[in-house]
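J.: One structure, as structure tokens, below. Some questions next.
Laboratory data are not the source of any read-out in this text; all were calculated from the coordinates shown. Note that the coordinates shown come from a computational prediction; the quantities given were computed from them, not determined experimentally. Cβ placement follows ideal geometry from the backbone for every residue including glycine, while neighbour counts extend to all protein chains displayed.
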Amino acid sequence: MHDKFVFLPMKDETNIETQPQAIKIRNLLINPPLLLAPMAGLTHSALRRIIIEFGGVGLLSTEMLSAKRLPTENPQISPYLFRTERESPLSYQLLTSTEKEIGRAIDALHALKADAVDLNMGCPSPSVIKLGAGVMLAERPDEVRRIVAEARKRTTLPLSAKIRLGSEADSTKLRTFCFMLEGEGIDLLTVHARFKHEPFARNPRWAYIAEIKECIKIPVIANGGVFSVEDAEKCLRVSGADGLMLGRGAVIRPWLFAEIARTVFGSDIPDRVVSLPDVYAAFFEALNADYRPVYRLGRLKEFTHYFAKNYKFGHSLASAIQSSSSMDEARARAGAFFANNG
Ligand SMILES: Cc1cc2nc3c(=O)[nH]c(=O)nc-3n(C[C@H](O)[C@H](O)[C@H](O)COP(=O)(O)O)c2cc1C
């Protein structure tokens, strides 16, 4: 299946001496070049605030936002749009299948004081595929050209795209697509190193990113499967990318940005002792303080699914929260778990 992909000679891993530096795109400095991934149900204000407290993140993100619905959302109460001033710089990710939705969506993002705009070209969920959006855009390059051109015309904000490797290994198609994105004015490209149908359980294909890096000049960010400092170092070496985007690893360990920033990029961030119950409580309190009741419990369940992985018996925390029917019940059950798993 993957025989059409021509591998570049692998870089001698021991020969790479310099780490990538801060990235500047238009007026935006991404320093260190560590980005938070857009994740539906996870990448919202409560998580972003926990991450900022630890430090080390260069660019935050929203989850994907429907370009069609965005102009009618109320930013004060929308769990997708609510943000505090400290959550900066913040990139907003748009999900669309047509250039017709771009103008109004970008106007809305200007009103929200977005620091950057990202276009989702990688989501493989069935509902998104049905719309012809997300990962399906790779099969519709003419529409993508129109979408990017329209977005570029409408904003001077940094404009990025997030892609997967395509539906199958086809180096020429992938290169042509990336080259087109750059030509239409995309400032930064994030590559989730998996093919369209590949599940998260599959090892990411970081080496494929080196192919893309070779054919475009804009910064390329590697994404997929970075859960530790060691993963970060290896991913940068193998991909040759200009920076990293962290998803699930940053939900499990919101201090992972700080660890990578300190160790890999030499950022001056103090090494703090992490209290898991305190991190969980801070997330819980942020939900209670700033989200309408109807939006709280679902987000707590999503977060706990990942955060519980910090514990050997975390599945019992995850299932206790999963079956909770109120925030109060979840709080009591989490408290009991922490008391027994200190
Ligand atoms: C629960 C969940 C929701 C996601 N939602 C989005 C999304 O809204 N937009 C997007 O581009 N990618 C989305 N992704 C993909 C992530 O941005 C990222 O590419 C993927 O998780 C691989 O990175 P990781 O191994 O660091 O988690 C989602 C992933 C997860 C696990």
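J.: If you place +1 on the Cβ of every Lys and Arg, -1 on the Cβ of every Asp and Glu, and leave all else neutral, what size is the dipole of the chain about its Cα centre, to the nearest 20 Debye? It would help to have the intermediate numbers written out before the result.
T.: Working: 44 positive and 39 negative charges, 135 e Å.
Computed charge dipole of the chain: roughly 660 debye.
J.: To test your reading of the geometry: what angle, between 0 and 90 degrees and rounded to tens, separates the Cα axis of helix 45-54 from the longest principal axis of the chain?
T.: 90
J.: Sticking with the crude label model, points 7 Å out along Cα→Cβ, report the distance from MET180 to LYS234 in nm, one decimal please.
T.: 3.4
J.: Quote to one decimal, in nm, the extra length available between THR172 and HIS315 on full extension: 0.36 nm per residue of separation minus the C-alpha distance between them. Can you show the working numbers first?
T.: Numbers: separation 143, 0.36 × 143 = 51.48 nm, distance 4.33 nm.
This chain segment gains 47.1 nm when fully extended.
J.: Using Cβ contacts closer than 10 Å as the measure, can you line up MET245, MET327 from fewest to most? Before the final figure, lay out each step's value.
T.: Details: MET245 24, MET327 15.
Ranking MET245, MET327 by Cβ neighbours within 10 Å, fewest first, gives MET327, MET245.
J.: Please report the relative contact order for segment 167-267, taking Cα pairs under 8 Å with a sequence separation of at least 6, and give it as a percent rounded to a whole number.
T.: Numbers: 134 pairs, mean separation 24.6, N = 101.
About 24 percent, as a whole number.
J.: Could you put LYS312, LYS68 in order, starting from the residue whose Cβ has the fewest other Cβ atoms within 10 Å? Before the final figure, lay out the partial values.
T.: On the way: LYS312 8, LYS68 17.
So the residues, fewest neighbours to most, are LYS312, LYS68.
J.: If the reach is capped at under 17 angstrom between alpha carbons, list the lysines near LYS162, excluding any in the same chain fewer than eight residues apart.
T.: Partners found: LYS173, LYS196, LYS213, LYS217.
J.: Before rounding to the nearest 500, sum -39500 (n - 2.57) across all DSSP H runs of length at least 4 in the chain and divide by the residue total; then give [θ] at 222 nm in deg cm²/dmol. Display every interim value, and only then the final one.
T.: On the way: 13 runs with 141 residues, N = 342.
For the chain, the value works out to -12500 deg cm²/dmol.
J.: With only Lys, Arg, Asp and Glu charged, each at its Cβ (+1 for the first two, -1 for the last two), find how big the charge dipole of segment 276-340 is about the Cα centre; round to the nearest 20 debye. Walk me through the numbers on the way to the answer.
T.: On the way: 8 positive and 6 negative charges, 39 e Å.
Its charge dipole is roughly 180 debye.
J.: For MET39, MET64, what ranking results if the residue with the fewest other Cβ atoms within 10 Å of its Cβ goes first? Walk me through the numbers before you get to the answer.
T.: On the way: MET39 20, MET64 26.
Starting with the residue having the fewest Cβ neighbours, the order is MET39, MET64.
J.: Taking a cut-off of 21 Å between Cα atoms, list the lysines near LYS309, but don't count ones fewer than 8 places away on the same chain.
T.: LYS301
J.: Right, something else. So, with +1 on the Cβ of K and R and -1 on the Cβ of D and E, and no other charges, what is the size of the charge dipole of segment 64-198 about its Cα centre, to the nearest 20 debye?
T.: Working: 20 positive and 18 negative charges, 38 e Å.
Around 180 debye, computed over segment 64-198.
J.: Along the charge dipole of segment 13-265, Cβ charges K/R +1 and D/E -1, which of PHE257, VAL191, ILE147 sits furthest on the positive end?
T.: Checking the options against the dipole of segment 13-265, the answer is ILE147.
J.: Also, quick follow-up: Mind giving me the nanometre distance, one decimal, between the label points for LEU29 and CYS215, set 7 Å out from Cα along Cα→Cβ?
T.: 3.4
J.: Suppose a student asked you for the relative contact order of segment 13-265, using Cα pairs under 8 Å spaced at least 6 residues apart; what percent would you report? The partial results should precede the final answer.
T.: Details: 522 pairs, mean separation 51.2, N = 253.
Worked out over segment 13-265, it gives 20 percent.
J.: Another question about this same structure. Tell me the net charge near ALA334. Cut-off is 13 Å between Cβ atoms, ALA334 excluded, with +1 for each Lys or Arg and -1 for each Asp or Glu. Can you show the working numbers first?
T.: Values: positive: LYS301, ARG331, ARG333; negative: ASP278, GLU285, ASP328, GLU329.
Overall, the nearby charge balance is -1.
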